[in-house]
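J.: One structure coming up, written as structure tokens, with questions to follow.
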Amino acid sequence: MKKEKENGAQGALKRISGPVVTAVGLSAHMYDVVKVGNEELMGEVIKIQGDNTIIQVYEDTAGIRPGEPVSNTGLSLAVELGPGLLTSIYDGIQRPLEVLVDKMGNFIERGVSAPGLSHEKKWEFVPVMKAGDVVKAGDILGTVQETNIVHKVMVPPRSKGGKIKKIAGGNFTVDETICTFEDGTEIAMLQRWPVRVPRPVKQKLNPDIPLITGQRILDGLFPIAKGGTAAIPGPFGSGKTVTQQQLAKWSDAEIVVYIGCGERGNEMTEVLTEFPELEDPKTGRPLMERTVLIANTSNMPVAAREASVYTGITIAEYFRDMGYDVSLMADSTSRWAEAMREISSRLEEMPGEEGYPAYLAARLSEFYERAGRVITLNDASGSVSVIGAVSPPGGDFSEPVTQNTLRIVKVFWALDAKLSQRRHFPAINWLNSYSLYLDSLNEWYDREVSPEWNPLRSWAMGVLQKEAELQEIVQLVGSDALPDEEQITIEVARMIREIFLQQNAYDAVDTYCSMSKQYDMMKAIKHYADLARTAQLGGATPQQVVTIKSKNELPQIKFTRDYEPMLAKILKDMEAEFDAMRAA
Amino acid sequence: MKEYRTIAQIAGPLVFVEKTEPVGYSELVNIVTADGTVKRGQVLDTSDEIVVVQVFETTAGIGRDSGIRFTGETIKMPVGRDMLGRILSGGGKPIDGGPEIVPEKRLETTGAAINPYARAPPADFIQTGISTIDGTNTLVRGQKLPIFSASGLPHNDVALQIARQAKVPGSTEEFAVVFAAMGITREEANYFMADFEKTGALERAVVFLNLADDPAVERIITPRLALTTAEYLAFDLGYHVLVILTDMTNYCEALRQIGAAREEVPGRRGYPGYMYTDLASIYERAGIIKGVKGSVTQIPILTMPGDDITHPIPDLTGYITEGQIVVNRELHRKGIYAPINVLPSLSRLMNLGIGKGHTREDHKKVSDQLYAAYAEGNDLRGLVAIVGKDALSERDRMFLEFADLFEDRFVRQGLYEDRSIEETLDLGWDLLATLPEEQLVRIDRELIQKYHPKYRKKAQG
């Protein structure tokens, strides 16, 4: 944060009560960043009441006394944006954790500031504009090869733009001027942006392209659009981490932003040690090279936890503005909401449901609304897709955070501990999950996969739904009591579950399944269902239909890279078996 | 040091002082009563007009004539090597008749958060000698694994057994125990102390005792003093420290009491809205630091009010800790010790500490299979109650019997029975051998050939 004393009045502390302090004599605006006390702890103005300014402090306030100075920086809580973001691991207010270890050892002490980006490192800047070009806010001036990702250096969104007087390639730090306008404005690679304000875009687009994840249950049944929002509840031991890692590895987003918000220290360490080791399957490079991690464990200051999701989404928007597709994971938004509740109760605000502040729903929707696929200021298209984890206390989905989240997000992937206990992975419940993007994505599936895909998906969902109803009867009277037709339905549903829905994240081939393979698999199951139905109408018993041999080979195509010949043979054998059945 | 006699209000554990010079937040406060007794407290809220002091002892005897001295520093814990073997009060004063602690360092009790970047992932298996923990809910060094219990259950015995038996097999590194009691009865405390003395565990333990009749507010600092000591032993002296905190429910009650006295807006069931953060500031003080020798492992014990696992205390705890060991009333009624129900129990870090190079290659698979078979057998019990045993298929009957056998042999063990991990896993195999081999779907062929008693005997004979 820039130290600007000139426009910030000095004030004095009047009251300290945990992370919330009151200052007097400060001329401040809402969400201004202030320096609190002799140790200059970082804080943010959250309420103004007469001469009293109420501040949430991002660090421990023990030992701070009334009368100590408070100074206003006149700036909002902002992040530093520029080359060097990728591969970084930050705390909730964008202090690099690695730098903090160097500065203050293994424990996070207070009063230490650390810039989000290295101000010493030199980056090779390659201009794409030349002197004489007229540029406006958001335009790309040049590029920096940051990792294997090309970092596009843009005119800051709030700049007036102008005619370029001087621009040159070479090695620069983020602070050095890379471009000068005719009017004398100097542009450096570093941008600061207030985290609570969405970065501007030209236009928001409709969510009509899916974020392809290679996970069959997600792409096939409950797709999320690029720029869409999804919620994922994380009950104990339901394999949330694996699902998130699969999304990070395989989704066709170029940049991944992961926010560990109020999570366990040891688990965060797992993420911090595992992510750098994960390989990006598309490039063979470490996945970290296109990742930004934000780690704020449950015992780090609560106000910084509240800020962490804003820090994350601002970084995501910045990459979106370069024309990238970004996927952002927030784990967990419930911890974020609890941070809001805690600060709200320190402010002695009138509580809403279960002690959460009345503005909980508004904050959640503001946050999710920052997702979207857009036309950027430089006329590229980029997107931020937001996947938020919720941790409902006691597994109770009726609690306010889950309910308010479900009202906003369009996709719900219901992770289910029961499924994971039965070793059905990914443990996403197909009956409780939903995606509201199906309609807007139909056209894409028609065009890019097959016009048959959408009816095929509806058919599969219908079979699964029917199975759920039949299972209730089966449990009472046994499966033999069902009519022949229904017995076949049960078998087809089992095939959809075990062949299509179950997917092995640890198998080299099955871990990613292309859309065309998904289509072929589902079509093969449907083909069997149709043949079985015809045979049954022709007088075959369910026993005969269910026990045909060729269909037992079907799961093998999951684990086979060039599966087409195998699938063709299975389908041929299947038809031959049914033909033989008819002849008999 | 200036002494103020400007008390404006005394309410429950809180004292409100007016017209002071600037007083620091969280500062330690001494209160001198008319008869000269000195009581300790801490600043909860400070402003020009009024300072709110939370008193760690009873406020009996404090009146408007009492003197208030602000010490100008936050609560610090004197720590030293000679703390091992000592018994201290919940406020950190020696109560075993021994000399004062010779401080080598004075440490902040709030405890800063470990930088996630500086943490090392836990990986060392701790053998507790209890099969249901070692076999199916493995504890690893640096983990925080609470015991969820309820009134009338033998969680103290389980905790003691863990404290007695916990070791890292093949390691000779120094182990220490920090035991913090909050609001337990004198009788329970005696029980703990007698056991510590009998087994010689006391020599390598530091005990903090806040008993049921000690001031409730003191419970707020007891776990923090204990963890400060633990961190000192671990990260300064290189001990592997096991911290036992009992009973966290009493701690949360004290937290609620203060919240109410401050007239805060309550959250769920009247507990303060910041309870999650407050508990996190205790539970998160466990772990291992890269390049530093020692470790802190935590076993907090809590009693679930009304056996309700969704009550805010177990619920919030479960969201911070890495799993839970659930003590079960039904098993206890059946006369089975240690009555741990493995089904709702979980160790989130288990996979980091088991398998080849840690325990044994078959550990994960055996655990999965035991878990699955017991779950199936347990489900069938409900069915049997409706349709009777005769209506079950042959296969179902086998699983039903397995569930009984599992409880009787795997769960049941002696109070002083210290099973090695090999014994636990072999016992698991013996039980699994009662099921037909083709039912062991979670275990690879290869491992079955190697460890199944049928083949083991052949290989030996």
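J.: So A:Gly265 passes all but one of these: (1) open to solvent by less than 50 Å² (accessible area, probe 1.4 Å); (2) at pLDDT below 95; (3) within 19 Å of the chain's Cα centre (by Cα). Which condition number does it fail?
T.: (3)
J.: Answer yes or no as to whether B:Thr132 is over 14 Å from the mean Cα position of the chain (by Cα), crowded, with 23+ Cβ neighbours inside 10 Å and assigned to a helix (DSSP H, G or I).
T.: Against the criterion (over 14 Å from the mean Cα position of the chain (by Cα), crowded, with 23+ Cβ neighbours inside 10 Å and assigned to a helix (DSSP H, G or I)), B:Thr132 qualifies.
J.: For B:Phe192, indicate whether it is among the aromatic types (Phe, Trp, Tyr) and open to solvent by less than 10 Å² (accessible area, probe 1.4 Å). Spell out the reasoning first.
T.: Values: among the aromatic types (Phe, Trp, Tyr): yes; open to solvent by less than 10 Å² (accessible area, probe 1.4 Å): yes.
The answer is yes for B:Phe192.
J.: Next question, about the same structure. Can you tell me which residue in the stretch B:3-48 is surrounded by the most Cβ atoms within 10 Å (Cβ to Cβ), limited to those that are within 8 Å of chain A (Cβ to nearest Cβ) and assigned to a loop (DSSP other than H, G, I, E, B)?
T.: So the first thing to find is which residues in the stretch B:3-48 are within 8 Å of chain A (Cβ to nearest Cβ), and the list is B:22-27, B:44-48.
Adding the requirement that they be assigned to a loop (DSSP other than H, G, I, E, B) leaves B:22-26, B:48.
Details: B:Pro22: 18, B:Val23: 24, B:Gly24: 23, B:Tyr25: 26, B:Ser26: 22, B:Asp48: 19.
It comes out as B:Tyr25.
J.: Which condition breaks for A:Arg192 when tested against (1) surrounded by fewer than 15 Cβ atoms within 10 Å (Cβ to Cβ); (2) charged (D, E, K, R); (3) within 28 Å of A:Asp325 (Cα to Cα)?
T.: Of (1) surrounded by fewer than 15 Cβ atoms within 10 Å (Cβ to Cβ); (2) charged (D, E, K, R); (3) within 28 Å of A:Asp325 (Cα to Cα), only one is false for A:Arg192: (1).
J.: Looking only at residues in the stretch B:142-165 that are open to solvent by less than 10 Å² (accessible area, probe 1.4 Å) and in a loop (DSSP other than H, G, I, E, B), which one is farthest from the other protein chains (Cβ to nearest Cβ)?
T.: Looking at residues that are open to solvent by less than 10 Å² (accessible area, probe 1.4 Å) and in a loop (DSSP other than H, G, I, E, B), I get B:Ala150.
J.: Something else: Within the stretch B:322-349, which residues are more than 17 Å from the chain's Cα centre (by Cα), hydrophobic (A, V, I, L, M, F, W, C) and more than 11 Å from B:Thr132 (Cα to Cα)?
T.: B:Leu331, B:Ile336
J.: Also: What pairs come up if the first residue lies in the stretch A:561-573 and is farther than 16 Å from A:Gln518 by Cβ, the second is exposed (fewer than 12 other Cβ atoms within 10 Å of the Cβ), and their beta carbons are under 9 Å apart, counting only those six or more places apart or on different chains?
T.: Close Cβ pairs satisfying both conditions: A:Asp573/A:Lys549.
J.: Among the strands (runs of 3 or more DSSP E) contained in the stretch A:234-336, which hold 3 or more residues that are more than 14 Å from chain B (Cβ to nearest Cβ)? Walk me through it before giving the result.
T.: On the way: elements: A:255-263, A:291-297, A:325-331.
Result: A:255-263, A:325-331.
J.: Next question, about the same structure. Can you pull out the residues in the stretch B:113-129 that are within 11 Å of chain A (Cβ to nearest Cβ) and either open to solvent by 10 Å² or more (accessible area, probe 1.4 Å) or touching a residue at least 40 places away in the same chain (Cβ under 8 Å) (or both)? Working first, answer last.
T.: The first filter runs over the stretch B:113-129 and keeps only residues within 11 Å of chain A (Cβ to nearest Cβ), leaving B:113-123.
Of everything in the stretch B:113-129, those that are within 11 Å of chain A (Cβ to nearest Cβ) and either open to solvent by 10 Å² or more (accessible area, probe 1.4 Å) or touching a residue at least 40 places away in the same chain (Cβ under 8 Å) (or both) turn out to be B:Ala113, B:Ile114, B:Tyr117, B:Ala118, B:Arg119, B:Ala120, B:Pro121, B:Pro122, B:Ala123.
J.: To continue, here is another question. Answer yes or no: is there a residue in the stretch B:233-249 that is within 11 Å of chain A (Cβ to nearest Cβ), more than 14 Å from the chain's Cα centre (by Cα) and open to solvent by less than 10 Å² (accessible area, probe 1.4 Å). If you could, list the steps in order and put the result at the bottom.
T.: Going residue by residue through the stretch B:233-249, those that are within 11 Å of chain A (Cβ to nearest Cβ) are B:235.
Pick out the ones that are also more than 14 Å from the chain's Cα centre (by Cα) and you get B:235.
From what is left, the residues that are open to solvent by less than 10 Å² (accessible area, probe 1.4 Å) are none.
No - not one qualifying residue is present in the stretch B:233-249.
J.: Here's something else I'd like to know. Go through the stretch B:280-302 and give me each residue that's more than 25 Å from A:Val302 (Cα to Cα) and of a type in the set (Ser, Thr, Tyr).
T.: Within the stretch B:280-302, B:Ser295 is the sole residue that qualifies.
J.: Oh, and also: If we scan the stretch A:338-360, do we find a residue that is open to solvent by 10 Å² or more (accessible area, probe 1.4 Å), away from chain B (no Cβ under 13 Å) and of a type outside the set (A, V, I, L, M, F, W, C)?
T.: Checking the stretch A:338-360: at least one residue is open to solvent by 10 Å² or more (accessible area, probe 1.4 Å), away from chain B (no Cβ under 13 Å) and of a type outside the set (A, V, I, L, M, F, W, C).
J.: When the stretch B:49-60 is examined, which residues are found to be more than 19 Å from A:Glu68 (Cα to Cα), among the aliphatic types (A, V, I, L, M) and part of a strand (DSSP E or B)?
T.: Result: B:Val53, B:Val55.
J.: OK, next. Among residues belonging to the stretch A:371-391 that are aliphatic (A, V, I, L, M) and under 17 Å from the mean Cα position of the chain (by Cα), point out the one that is farthest from the other protein chains (Cβ to nearest Cβ).
T.: At the first step, the residues of the stretch A:371-391 found to be aliphatic (A, V, I, L, M) are A:371, A:374-375, A:377, A:380, A:384, A:386-387, A:389-390.
Subset that is under 17 Å from the mean Cα position of the chain (by Cα): A:371, A:374, A:384, A:386-387, A:389-390.
On the way: A:Ala371: 26, A:Val374: 32, A:Val384: 24, A:Val386: 22, A:Ile387: 19, A:Ala389: 12, A:Val390: 12 Å.
If we take residues in the stretch A:371-391 being aliphatic (A, V, I, L, M) and under 17 Å from the mean Cα position of the chain (by Cα), then A:Val374 is farthest from the other protein chains (Cβ to nearest Cβ).
J.: Right, something else. Answer yes or no: is there a residue in the stretch B:287-298 that is in a helix (DSSP H, G or I), facing another protein chain (nearest Cβ under 9 Å) and more than 13 Å from the chain's Cα centre (by Cα).
T.: Taking the stretch B:287-298 as the starting set, the residues that turn out to be in a helix (DSSP H, G or I) are none.
No, the conditions are met nowhere in the stretch B:287-298.
J.: Another one. Residue check: is B:Thr229 among the polar types (S, T, N, Q) and surrounded by fewer than 23 Cβ atoms within 10 Å (Cβ to Cβ)? So that I can check it myself, show each step before the final result.
T.: Details: among the polar types (S, T, N, Q): yes; surrounded by fewer than 23 Cβ atoms within 10 Å (Cβ to Cβ): no.
It is false that B:Thr229 is among the polar types (S, T, N, Q) and surrounded by fewer than 23 Cβ atoms within 10 Å (Cβ to Cβ).
J.: Open to solvent by 10 Å² or more (accessible area, probe 1.4 Å), within 14 Å of chain A (Cβ to nearest Cβ) and not in a helix (DSSP H, G or I) - does that describe any residue in the stretch B:76-94?
T.: Yes.
J.: Then there is this: Which one of these is touching a residue at least 60 places away in the same chain (Cβ under 8 Å), in a strand (DSSP E or B), in contact with a strand residue (DSSP E or B) (Cβ under 6 Å, 6 or more places away or on another chain) and not hydroxyl-bearing (Ser, Thr, Tyr): A:Val153, A:Val201? Walk me through it before giving the result.
T.: Working: A:Val201 fails: in a strand (DSSP E or B).
Step by step, each of A:Val153, A:Val201 is checked, and only A:Val153 is touching a residue at least 60 places away in the same chain (Cβ under 8 Å), in a strand (DSSP E or B), in contact with a strand residue (DSSP E or B) (Cβ under 6 Å, 6 or more places away or on another chain) and not hydroxyl-bearing (Ser, Thr, Tyr).
J.: Every residue in the stretch A:47-65 that is within 11 Å of another protein chain (Cβ to nearest Cβ) and either at positive phi or not hydrophobic (A, V, I, L, M, F, W, C) (or both), please.
T.: Taking the stretch A:47-65 first, the residues within 11 Å of another protein chain (Cβ to nearest Cβ) are A:52, A:57, A:59-65.
A:Asn52, A:Glu59, A:Asp60, A:Thr61, A:Gly63, A:Arg65, listed by residue number.
J.: Sort out which residues of the stretch A:66-90 are closer than 30 Å to B:Gly72 by Cβ and within 14 Å of chain B (Cβ to nearest Cβ), and write them in order of number.
T.: So the first thing to find is which residues in the stretch A:66-90 are closer than 30 Å to B:Gly72 by Cβ, and the list is A:66-73.
Across the stretch A:66-90, the qualifying residues are A:Pro66, A:Gly67, A:Glu68, A:Pro69, A:Val70.
J.: Checking the condition touching a strand residue (DSSP E or B) at 6+ places or on another chain (Cβ under 8 Å) and basic (Lys, Arg), which residue from B:Lys334, B:Lys290 passes? Walk me through how you get there before you give the answer.
T.: On the way: B:Lys334 fails: touching a strand residue (DSSP E or B) at 6+ places or on another chain (Cβ under 8 Å).
Answer to the check: B:Lys290.
J.: Further question: Only residues that are outside any loop (DSSP other than H, G, I, E, B), open to solvent by 20 Å² or more (accessible area, probe 1.4 Å) and at pLDDT 90 or above: list them for the stretch A:47-75, please.
T.: First pass over the stretch A:47-75, keeping only residues outside any loop (DSSP other than H, G, I, E, B): A:47-49, A:52-57, A:69-75.
With the extra rule that they be open to solvent by 20 Å² or more (accessible area, probe 1.4 Å), the set shrinks to A:47-49, A:52, A:69, A:74-75.
Within the stretch A:47-75, A:Lys47, A:Ile48, A:Gln49, A:Asn52, A:Pro69 qualify.
J.: Among the residues of the stretch A:506-522, write down those that are open to solvent by 30 Å² or more (accessible area, probe 1.4 Å) and in contact (Cβ under 8 Å) with a residue 60 or more places away in the chain.
T.: In the first step, residues of the stretch A:506-522 are kept if they are open to solvent by 30 Å² or more (accessible area, probe 1.4 Å); the result is A:506-508, A:512, A:514, A:516, A:520.
A:Tyr512, A:Ser514, A:Ser516 - these are the residues of the stretch A:506-522 that are open to solvent by 30 Å² or more (accessible area, probe 1.4 Å) and in contact (Cβ under 8 Å) with a residue 60 or more places away in the chain.
J.: Continuing with the same structure: Return a yes/no flag: does the stretch B:300-317 have any residue that is closer than 25 Å to B:Leu233 by Cα, open to solvent by less than 10 Å² (accessible area, probe 1.4 Å), of a type in the set (A, V, I, L, M) and more than 14 Å from chain A (Cβ to nearest Cβ).
T.: Checking the stretch B:300-317: at least one residue is closer than 25 Å to B:Leu233 by Cα, open to solvent by less than 10 Å² (accessible area, probe 1.4 Å), of a type in the set (A, V, I, L, M) and more than 14 Å from chain A (Cβ to nearest Cβ).
J.: Give me a count of the residues in the stretch B:49-64 that are open to solvent by less than 10 Å² (accessible area, probe 1.4 Å) and at positive phi.
T.: Count: 0.
J.: Restricting to the stretch A:27-46, and then to whatever is open to solvent by 10 Å² or more (accessible area, probe 1.4 Å) and either within 14 Å of chain B (Cβ to nearest Cβ) or outside any strand (DSSP E or B) (or both), can you tell me which residue is nearest to A:Leu13 (Cα to Cα)?
T.: A:Asn38
J.: Cβ-Cβ distance below 7 Å, separation of 6 or more or different chains: which pairs start in the stretch A:392-403 with a residue that is within 12 Å of another protein chain (Cβ to nearest Cβ) and end on one that is part of a helix (DSSP H, G or I) and surrounded by fewer than 17 Cβ atoms within 10 Å (Cβ to Cβ)?
T.: Between residues of the stretch A:392-403 that are within 12 Å of another protein chain (Cβ to nearest Cβ) and residues that are part of a helix (DSSP H, G or I) and surrounded by fewer than 17 Cβ atoms within 10 Å (Cβ to Cβ), the close pairs are A:Glu399/A:Glu354; A:Pro400/A:Glu353; A:Pro400/A:Glu354.
The values are calculated or read from the model by the stated rules, or taken from the named source; none is laboratory data. Source: prediction; values computed, not measured. Quick reminder, even Gly has a Cβ in these numbers, built from the backbone with ideal geometry, and neighbours come from all protein chains shown. SASA here: full protein model, heavy atoms, side chains in, ligands and nucleic acids out. Shrake-Rupley method; radii C 1.70, N 1.55, O 1.52, S 1.80 Å.
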